[in-house]
Amino acid sequence: MKNKVKIKISESAYKELIYILKDLKGSYIRFAYKNGCCLSSKIHIYIDSLQKEDIIDKIDELPIIYNSQLTDNINEITLIYKNSTFMIKTVPVKRLSKDCSTCTIGCSHGCSHKNKMAAV
């Protein structure tokens, strides 16, 4: 079994997610990894149902799911809710590059980080 991702959720984020799920029986909060630019790890958060390969986690009464792509790429997620917005910080498994010159994912499509690095 894969290691679980360490998830930290602020009290306000926890309360908001519980409120969102209250009438959605059988639903989970899903954290999904999306490969991004060499300077960022993107995490999507949404409401979903359980899939066969999902890892199930729970913070108090908050049901959370994610798959092995998340555990392969992210060590820790911090989620806060402030000014009616969820904000996510991640700690990746691999250290993120600060050099976009070899990026083959996000930077090749006009990533602003690549343009900044070229100007330096």
Qualifying residue in the stretch 1-11 (condition: part of a strand (DSSP E or B), in contact with a Phe, Trp or Tyr (Cβ under 7 Å, 6 or more places away or on another chain) and modelled with pLDDT of 95 or more): no
Residue list for the stretch 61-81, filter: more than 16 Å from Lys42 (Cβ to Cβ), out of contact with any helix residue (DSSP H, G or I) (no Cβ under 7 Å at 6 or more places or on another chain) and of a type outside the set (A, V, I, L, M): Pro63, Ser68
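The values are calculated or read from the model by the stated rules, or taken from the named source; none is laboratory data. On a predicted model such as this, the values are computed, not experimentally measured, just so you know. Positions of Cβ are generated from backbone atoms using ideal geometry, with glycine treated the same way; all protein chains shown enter the neighbour counts.
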